[in-house]
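**Student:** Mind having a look at this structure? Questions to follow.
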Amino acid sequence: MSITKESVIERLKTVNGPDFTGNIVDLGMVSEIFIADSKVFFSITVPAARAQELEPLRAAAERAVKAIPGVASAVVALTAEKKGGGMEAPVPARAAAPRPAASQPAPQRPAPQAPASQSHGKRGVPGIDAIIAVASGKGGVGKSTTAVNLALGLAANGLKVGVLDADIYGPSMPRLLNIHGRPQTVDGKVLKPMQNYGLKVMSMGFLVDEETPMIWRGPMVMSALTQMLREVEWGPLDVLVVDMPPGTGDAQLTMAQQVPLAGAVIVSTPQDLALIDARKGLNMFKKVDVPLLGIVENMSYFLAPDTGKRYDIFGHGGARREAERLGVTFLGEVPLEMGIRESSDAGAPVVASKPEGAEAKIYRDIASKVWHRVQEERGAAEAAVPSIVFE
């Protein structure tokens with residue numbers, strides 16, 4: 001059965017708008033709709049201040065579209081690039097209310113000197129030359145897929161690479177790299193990393209079943225990360241890519257404060273809502289003195305496989321503009337490409353499974369820029385160290 005935009009729009013008219021005022025179509029909240037291979041793509045415009053509150057609205061729209069006969073799946077995102085009609089009035093009150101409370105704890109945060117003093121006590125990991133964190137301010141932006149293809153891109157450029165899956169709440173490296181089984185121990189204490197596609201890999205997903213829910217307290221997070229980082233026989237590596245959990249919680253702070261990170265790569269999608277959260281990640285790494293290697297714009301655009309026409313489903317260029325505004329390197333744009341998603345789900349990332357493809361080249365170029373930024377940061381750090389000359 002063929003799916004039409006009209007049928008999707010009619011179904012979306014059954015989804016109530018915010019505060020049950022009309023429906024999301026008549027309120028002008030629905031973007032252009034794209035349909036390909038029984039998959040439906042669109043975004044919903046909401047006020048940034050109400051993004052978390054309106055997540056159920058996005059889920060309701062997704063369910064409504066998936067219920068249409070013939071629809072295999074739906075990709076629905078919230079965006080704040082344009083202001084939706086009829087929703088502006090309540091925004092100031094809702095947005096302004098939390099700000100006084102959020103600003104009160106600021107004076108109690110560590111003084112600016114704290115990160116610098118902490119950095120002097122960071123202990124490196126034997127055998128690992130550089131450690132790179134791949135992070136995002138929120139989930140669902142393709143951070144893990146970016147991390148694994150970045151690691152493969154670095155390896156394709158001639159480096160010895162490992163991957164640490166630090167997303168202990170939702171480890172994905174076993175599936176992304178098609179690795180099964182349990183890691184062995186060297187002497188009953190140190191774990192041997194698993195391997196595939198030339199990468200050495202460690203993940204909590206190797207130690208627990210995929211369906212097991214991860215419920216961690218702060219001290220447990222720090223202990224688990226420390227063990228997976230320091231009690232693994234990584235061997236000589238040029239670089240270890242760390243797939244961080246989304247957000248700015250215990251895992252990120254643990255890595256930033258206890259490990260000498262060579263830098264952090266931030267992954268974001270183009271729309272304003274994702275960028276708001278990406279800024280939080282950027283600011284966190286700045287406060288703990290971790291160099292910002294750059295920003296990757298994921299799901300940047302979509303090229304229709306039948307016509308080659310380009311669609312900016314989630315907007316376009318937001319991450320590049322944010323990088324320019326903050327003076328951070330823009331590392332590149334990764335398209336919303338079904339092949340990337342399908343190969344990742346199959347455990348065969350595009351850089352490994354289709355090394356000559358256009359998407360693989362994008363990741364290799366990003367990897368080259370990342371490694372160049374690591375060398376730049378090292379050079380700057382060495383230049384900043386005063387030399388003592390005896391005459």
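The values are calculated or read from the model by the stated rules, or taken from the named source; none is laboratory data. Just so we're clear, the structure is a prediction, and the values are computed from it rather than from any experiment. Don't worry about glycine lacking a Cβ; one is built from the backbone with ideal geometry, like all the others, and counts go over all protein chains shown. Protein only, heavy atoms only, side chains kept; ligands, DNA and RNA dropped before computing areas. Shrake-Rupley method; radii C 1.70, N 1.55, O 1.52, S 1.80 Å.
**Student:** Leaving out ligands, DNA and RNA but keeping every protein chain, what accessible area does Glu382 have, in Å² rounded to the nearest 10, with a 1.4 Å probe?
**Tutor:** 130 Å²
**Student:** Near Val374, within a Cβ-to-Cβ distance under 12 Å, what is the net charge of the other residues, with Lys and Arg +1 and Asp and Glu -1?
**Tutor:** -1
**Student:** Could you work out how much longer the chain between Gln375 and Glu55 gets when fully extended? Use 0.36 nm per residue separation minus the Cα distance between them, nm to one decimal.
**Tutor:** 111.1 nm
**Student:** Highest first, please rank the peptides 177-185, 260-268 by the mean number of other Cβ atoms sitting within 10 Å of their residues.
**Tutor:** Highest mean packing first, the order is 260-268, 177-185.
**Student:** Counting only Cα, what are the radius of gyration and maximum Cα-Cα distance Dmax of region 289-331, in Å?
**Tutor:** Computed over the Cα atoms of region 289-331, radius of gyration and Dmax are 13.4, 47 Å.
**Student:** Apply the Karplus curve 6.51 cos²θ - 1.76 cosθ + 1.60, θ = phi - 60°, to the phi angles in region 44-49 and return the couplings in whole Hz, x for Gly and Pro.
**Tutor:** Working through the residues one at a time gives 10, 7, 9, x, 4, 5 Hz.
**Student:** Find how much the distance from Asp365 to Met338 grows on full extension, using 0.36 nm per residue of separation minus their present alpha carbon separation; answer in nm with one decimal.
**Tutor:** 7.7 nm is the gain from fully extending Asp365 to Met338.
**Student:** Quick one: net charge around Val15, please, counting Lys, Arg +1 and Asp, Glu -1 for every other residue with C-beta under 14 Å from its C-beta.
**Tutor:** 0
**Student:** Return the carbon/sulfur percentage of the accessible area of region 279-391, one whole number, probe 1.4 Å, all protein chains in place.
**Tutor:** On region 279-391, the fraction of accessible area on carbon and sulfur atoms equals 53 percent.
**Student:** Could you pull out every residue, at least 5 positions away or on a different chain, whose amide H is within less than 5 Å of the one on Val163? Hs are placed 1.01 Å off N in the peptide plane, and Pro or chain starts have none.
**Tutor:** Under 5 Å from the amide H of Val163 lie the amide H atoms of Lys200, Val201, Met202, Val241, each far enough along the sequence or on another chain.
**Student:** Show me 39-49, 282-292 ranked by packing, highest mean number of other Cβ atoms within 10 Å first.
**Tutor:** Highest to lowest by the protection proxy: 39-49, 282-292.
**Student:** Spelling out what I want: for every residue of region 128-137, take phi, set θ = phi - 60°, compute 6.51 cos²θ - 1.76 cosθ + 1.60 (Karplus), and round to whole Hz; glycine and proline get x.
**Tutor:** 9, 7, 8, 10, 10, 9, 10, 9, 8, x
**Student:** Accessible area per residue for region 332-374 in Å², computed with a 1.4 Å probe and the full protein assembly in place, what is it?
**Tutor:** Each residue of region 332-374 exposes 43 Å² on average to a 1.4 Å probe.
**Student:** Another question, then. How much length would be gained if the chain were fully extended between Gln227 and Val190, taking 0.36 nm per residue of separation minus their Cα-Cα distance, in nm to one decimal?
**Tutor:** 12.4 nm
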